[in-house]
Ligand code: B1M
């Protein structure tokens, strides 16, 4: 009790940034988490006990799936078989009922992605056990889907989540992988005769590739429904660009569960026609262009919001740096919990706060991710290449030079806002003064080496949480590495963060200067990635540029780093891509 009191006192004033916590505070925080986890498992056991003792067998089988647990599962499956139930009937009966309930609970915000993955793991374990007693001809399949990430795109994590959800809800999924050209999809269609084709992609460019792919599929005479998904896609783009290009039904799935719902509706004769009708556009999509709008150059050539009369900071050196970042744990301190636990693992609400309040869901997720980290620590590598370049700006042009050179190595042509503050990235480079130029840093970081294979292996073995967790950890480690390196670059520029700066402040970039990535709203032209490749040669850290200007491996980030204190995030609007 006394220890509890002193812990409470220590926890009351604990700083958010762990580096500012005393040894005692850190120990108290740890104890706090451990207590929350122990509490969680104590209550979980109770739940399982109640299930085992009081609940009828069919319901118990469904509960294994809903709760995502395998303890006692095989024993109960055997009991059910002992009652004379055919393996296929067990799958289609209580187990599928469990998965349906999982879907319902997820849609009602009662389950999170991490829990759905654990349910899928239980389902996979059950089906794997029953398969040995099934006839070859027995099939529990509700339909077949060919799934692929489009040409030029390396996005794997979203597509794989869809595969896991569909597979464990009774669908046969042929996952063709990433960077899949239309020809390969057409071949797969002929070979597998699927009921639907699912396309995935991360970037706007990939959404445009979907338009082209849809057109090629149409030309090959394919008419089955298509499902499309991805972060840069919208229902409107699907309806107005992809569907007309295909001429048949194209359904937008905002997440994996929506993909499942749409597949279920398509495979159900009672709902199929309505779904097809609602997702088919008229017109043939001809003339769909990859040009969104062509940007006009505004009359303003410098934003009045950005100061030009500041002293030019000096940089340490202009050498190209290629590094294996040794301290993975340190970089993990820069992972944004909102992204890792929230966006990717599905936790709703303030994860850190809920963890501190001993919320059992937060504690379990934290513990499970710690397991993933333990494994990742054995093989995950963070590699970085970066360099400061001399820079000069003129209007929207930004020129980069080799040290002291007169002729630029390259001139970027950025977009300028056509209203408001008329911002343009080139304004953030100070005019040369007294023979001295300003600088800009170019950066590429990756944490993706070996991730795809490891994640694929875990997925094939039915460890879905680990499979998804590894990919999520890798992509957020890439982002964290960029944050970590950016801090180091600020130090090299001579303006380290004040000691009182917290990680939360870093995540909202409350430091001097900003990091901009090609493809983001201030510099949307992805083709400029090719220039980065010429100047920085990131192949040396194992990152290749695809024909869609994406970085392979997926868990990679590129950026331009400016030091100007007036830097802000802004959008220049759509441009030619
Ligand atoms: Co970046 N990124 N990113 N990024 N990223 C976006 C997509 C962006 C919109 C941000 C922005 O501008 N505001 C922007 C794209 C804009 C554009 O295209 N011009 C962008 C950019 C530009 C980039 C880089 C190019 C930046 C750079 O470094 N120069 C770079 C590219 C990476 C590369 O080349 N390898 C990059 C990097 C990254 C990280 C690695 C740091 C990270 C991971 C990316 C990833 O997911 N692979 C990342 C993240 C996290 C994002 C945001 C914030 C979130 C993406 C996400 O949720 N991924 C995103 C902005 C945003 O959306 N708010 C952004 C998780 C994934 C599970 O979700 O892919 O949507 P998602 O999959 C879902 C659904 O879409 C659906 O189900 C899946 C599971 O629920 N679904 C289907 C998908 N496919 C389906 C198929 C189906 C059915 C459903 O068929 C049956």
Check your understanding: Given the conditions (1) more than 23 Å from residue 461 (Cα to Cα); (2) at pLDDT 95 or above, and given that residue 108 satisfies all but one, which numbered condition is not satisfied?
Key -> (2)
Practice item. Kindly indicate whether any position in segment 331-346 is over 19 Å from residue 492 (Cα atoms), surrounded by 20 or more Cβ atoms within 10 Å (Cβ to Cβ) and away from the ligand (no atom under 16 Å from the Cβ). Key: no
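Residue by residue through segment 161-180, note down the ones that are more than 11 Å from the ligand (Cβ to nearest atom) and either in a strand (DSSP E or B) or over 29 Å from residue 466 (Cα atoms) (or both).
If the condition is that a residue be more than 11 Å from the ligand (Cβ to nearest atom) and either in a strand (DSSP E or B) or over 29 Å from residue 466 (Cα atoms) (or both), then 172, 174, 180 are the ones that fit.
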Point to revise | The one condition in (1) in a helix (DSSP H, G or I); (2) within 13 Å of the ligand (Cβ to nearest atom); (3) in contact with a helix residue (DSSP H, G or I) (Cβ under 6 Å, 6 or more places away or on another chain) that residue 528 fails to fulfil | key: (3)
Point to revise | Matching residues, segment 425-446, being within 19 Å of residue 532 (Cα to Cα) and in contact (Cβ under 8 Å) with a residue 60 or more places away in the chain | key: 425, 428, 429, 438, 439, 440, 441, 442, 443, 444, 445, 446
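Checking the structure you have, find out if any residue of segment 303-323 is farther than 30 Å from residue 435 by Cα and either outside any loop (DSSP other than H, G, I, E, B) or touching a residue at least 24 places away in the same chain (Cβ under 8 Å) (or both).
Yes, the conditions are met somewhere in segment 303-323.
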Review point. From 115, 184, 121, which residue is part of a helix (DSSP H, G or I), touching a strand residue (DSSP E or B) at 6+ places or on another chain (Cβ under 9 Å) and at negative phi?
Key: 184
Practice item. Among the candidates 367, 352, 357, 396, single out the residue that is in contact with a helix residue (DSSP H, G or I) (Cβ under 7 Å, 6 or more places away or on another chain) and at pLDDT below 95. Key: 352
**Study point:** Filter pass, residue 519 being in contact (Cβ under 8 Å) with a residue 40 or more places away in the chain and either in contact with a helix residue (DSSP H, G or I) (Cβ under 8 Å, 6 or more places away or on another chain) or surrounded by 17 or more Cβ atoms within 10 Å (Cβ to Cβ) (or both)
**Key:** yes
Review point. Which ones in segment 241-277 are in contact (Cβ under 8 Å) with a residue 40 or more places away in the chain, more than 9 Å from the ligand (Cβ to nearest atom) and either more than 25 Å from residue 157 (Cα to Cα) or not in a helix (DSSP H, G or I) (or both)?
Key: 244, 245, 267, 275, 276
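Can residue 232 be described as modelled with pLDDT under 95, within 30 Å of residue 112 (Cβ to Cβ) and in a loop (DSSP other than H, G, I, E, B)?
Considered against the rule, which asks whether it is modelled with pLDDT under 95, within 30 Å of residue 112 (Cβ to Cβ) and in a loop (DSSP other than H, G, I, E, B), residue 232 comes out as yes.
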**Study point:** Failed item, numbered, when residue 533 is tested on (1) surrounded by 20 or more Cβ atoms within 10 Å (Cβ to Cβ); (2) within 13 Å of the ligand (Cβ to nearest atom); (3) part of a helix (DSSP H, G or I)
**Key:** (1)
Point to revise | Near pairs, Cβ below 7 angstrom, 6+ apart or cross-chain, from segment 485-497 (under 15 Å from residue 331 (Cβ atoms)) to any residue that is in a loop (DSSP other than H, G, I, E, B) | key: 487/497
Check your understanding: Looking at segment 468-488, which of its residues are more than 10 Å from the ligand (Cβ to nearest atom) and surrounded by 19 or more Cβ atoms within 10 Å (Cβ to Cβ)?
Key -> 469, 470, 473, 483, 484, 485, 486
Revision key, fill the gap. Scanning segment 188-223 residue by residue, those part of a loop (DSSP other than H, G, I, E, B) and away from the ligand (no atom under 12 Å from the Cβ) turn out to be 193, 220, 221, 222, 223
Review point. How about segment 449-504: which of its residues are part of a loop (DSSP other than H, G, I, E, B) and touching a strand residue (DSSP E or B) at 6+ places or on another chain (Cβ under 9 Å)?
Key: 449
Practice item. Check residue 504 against each of (1) within 12 Å of the ligand (Cβ to nearest atom); (2) surrounded by fewer than 21 Cβ atoms within 10 Å (Cβ to Cβ) and name the one condition it does not meet. Key: (1)
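The values are calculated or read from the model by the stated rules, or taken from the named source; none is laboratory data. Fair warning: this is a prediction, and the values are worked out from it, not measured in the lab. Note that each Cβ is placed from the backbone with ideal geometry, even for glycine, and that neighbours are counted across all protein chains shown.
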